[in-house]
Each structure stands twice: as C-alpha cells, then as structure tokens.
1. With the full set of protein chains in place, find how many percent of the accessible area of the protein assembly as shown is carbon and sulfur; take the probe as 1.4 Å.
2. How large is ³J(HN,Hα), in whole Hz, for each residue of the stretch B:126-131 in order, when computed from phi with the Karplus curve 6.51 cos²θ - 1.76 cosθ + 1.60 and θ = phi - 60°, using x for Gly and Pro?
3. Given the pairs B:Lys55/B:Lys124; A:Lys120/B:Lys20; B:Lys20/B:Lys64; A:Lys120/B:Lys125; B:Lys64/B:Lys127, which are separated by over 19 angstrom at their Cα positions?
4. Classify chain B as rounded, prolate or oblate, taking a ≥ b ≥ c as the square roots of the eigenvalues of its Cα gyration tensor: rounded when a/c is under 1.5, otherwise prolate if a/b is larger than b/c and oblate if not.
5. Given a 1.4 Å probe and no ligands, DNA or RNA in the count, how much accessible surface is buried by A and B, both sides, to the nearest 100 Å²?
6. As a test of the formula, what do you get for chain B when each DSSP H run with n ≥ 4 contributes -39,500 (n - 2.57) and the sum is divided by the residue count, at 222 nm and rounded to the nearest 500 deg cm²/dmol?
7. Considering only the other residues whose Cβ falls under 12 Å of the Cβ of B:Thr21, what net charge follows from Lys and Arg at +1 and Asp and Glu at -1?
8. At 1.4 Å probe radius, can you tell me the per residue accessible area of the protein assembly as shown in Å²?
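The values are calculated or read from the model by the stated rules, or taken from the named source; none is laboratory data. The model shown is predicted, which means the values in this text are computed figures rather than measured ones. For neighbour counting, all protein chains shown are included, and Cβ atoms are generated from backbone atoms with ideal geometry for every residue, glycine included. Side chains included, ligands, DNA and RNA excluded: accessible areas come from the protein's heavy atoms. Shrake-Rupley method; radii C 1.70, N 1.55, O 1.52, S 1.80 Å.
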Amino acid sequence: MRLTQSVAGTMPVFNRTIFGTGSVSMSATELKVDRKNIATLVLSPTVSSIAKLAQLEANWDNCGSARPEPAAIQRARTLVEGFYRFAGAAGAVTSQWSPPHISASEDGEVVMEWWHNAHKLTVYVSGTTAQYLKVWGPNITTQMEDGLLEGNQFQGLWLWLNA
Amino acid sequence: LVSDDEQLYRSVRNETQFFKTVDGAVRFSNTCFNDPAGKVSVDRANLRNSAEETKFSPSDGIIKLLARDIRDIGPIPNPDGGDGYLIDVHPRPIPADNPDGLPENLSHAQIEASPDFTNPSRFKKLKEALALLADGNGWFIAPS
C-alpha cells in the first residue's frame, strides 16, 4: 500500500537520509512513502546483525555460551519488525527509531539492547518467548523490572526508554 | 579472600556483540558477562603481572571492576524467603594440572551468588548491574 504524507507529517521513525532511494519519491510539497520498503531499509542493518548470529559456534564468547538458537534468530527477525511499527506508533511523543544492539545470551537467546540516557531496555528472544528487562540503575531490586513481552507491550517500553 | 579494594579484570572480545558507542561513550552489553553457570570469571589484578595476561586474544579489551562495587550489588531479596542472595567475589584459582585442561591461572576468581540463583532472570539482572559498573569505568585497555 502506498501512503502519501505531507512533509510536516513525516513519521519521525523514518531516517531522512534514505529519502531519495527507489522506495520514496519527493515533490516540493509532499512525500510518497512506501511504508513497507522504508521499514525494510531502516531495519536492514538490524536484520543483518541478527542473521549473522547464525554463524556463531558454541563458546563464541570464550565463556562457554551456547550457539544462538536458530528458532530464536528467526523469531527475533520477525519481532523486530513489530517493534519498529510499535515505535512508529509511539513516534508522536518520542525520538526516532534507533536500532538495537544485537547479541546473544549464554542460553542461545537473541539479545536486543537499547540505551537512552539513564534508561536501558533489553529484550531476550528465545524460540518460544520474548522477555523484557528495564534498567534505570544498578539496584536489582528497585531499579530493574522484567517480564514477558506480549502483544503491543513494546510500545509502552519504547515510550519509557525515551522518556 | 578477595578484599573490597581489589581490582578485577575481565577480557572483552573486540567483536560487535560486546559493546557499542552511544553518544560518545562506550556501553557494554550484558553479553560481556555471559556465563552458563551463572558465575562470572574475573582475574584478580594484584595476582597478574599485567592486565594483558587476562586477554584471550591480543585484540581483546579489558574492563576493570572493584570488588566492593560488585558486593554492593547485593543482597537481592529472595521471594522464597531467607536472607536473600549475596553477591560476592570468590578466589577460584585454576591449577596447572586441572582436569578441564584449562591454562593455569592462579588469579582466577568468580562473581557468585549465594545461594545459587534458581531463576535465570536474576542472573540476567546481575549481568545488567555488572555492565552498568563497566559503563561507569569505561575501558581499562581498549580493544585493538
């Protein structure tokens, strides 16, 4: 589906530097934006980083960690597209999309991390579940909160991260 | 015993998975503290001739943590009761003829919870706390 937006109404999750590619056309007064292609372009480095996890072998970190799970990698690729959409939906009150740092846990989960000022958000993706961990200080009891990541919950987490 | 004022080294691979620069400052991923057993290995600085000895590879970076800061992470309340989880640094020297065939390392120590964590989410939080400490200190030796 092609969407037409005014320049002033451009979603803040778009990286303006990619305007001028084949997926966007611009006139003096309006932009024609193919939302799906924009998402693909913006997420390309992240999706590539996630895919590269498949190349890691057991003990890839010299700490004895498991090889990243193929099912977790596949799930993470799907989830990050949803995260981008949720961040866009929250975009009226937050800064633009920022790509997560991509890594893996000792148990083979995909790990996505975002930092913004004193807030940090980590998302762990296994083959079957996703969990979030909010960190706003070193006290594990009073300055960290975790839970299962379900539905459109990422939108609230994104707002918190950028608050 | 590892004293409160002891400095501890940990090697960090020079790979994209382990750190990121955000607004000009290095941010360490919790991945830097991965450990399948939930017991993070460190080297006691005063038992090493040089921090370089802690590296697995010449291109690795080194981060430095203070034992007191690590102990101050705890205690973590245990919902199952008791006094909670204490976080401590224990000497765990690796002798030359160890059954795992590891290189001898008499400076080896481990960051451990007591009692052991039974819920993986608590270890994940410990890793975040360690990463925050590392963020505050920055690189002791930058990767190359």
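1. Working: 7420 of 14590 Å².
Exposed carbon and sulfur together represent 51 percent of the surface.
2. 4, 4, 5, 5, 5, 5
3. Working: B:Lys55/B:Lys124 24 Å; A:Lys120/B:Lys20 13 Å; B:Lys20/B:Lys64 17 Å; A:Lys120/B:Lys125 12 Å; B:Lys64/B:Lys127 15 Å.
Those over the limit are B:Lys55/B:Lys124.
4. On the way: a/c = 1.68, a/b = 1.16, b/c = 1.44.
In terms of gyration-tensor shape, oblate.
5. On the way: alone 9080 and 8180 Å², together 14590 Å².
Using a 1.4 Å probe on protein heavy atoms, the buried area is about 2700 Å².
6. Numbers: 2 runs with 23 residues, N = 144.
The helix-only estimate for chain B comes to -5000 deg cm²/dmol at 222 nm.
7. Numbers: positive: B:Lys20, B:Arg27; negative: B:Asp23, B:Asp135.
Overall, the nearby charge balance is 0.
8. Details: 14590 Å² over 307 residues.
It amounts to 48 Å² per residue over the protein assembly as shown.
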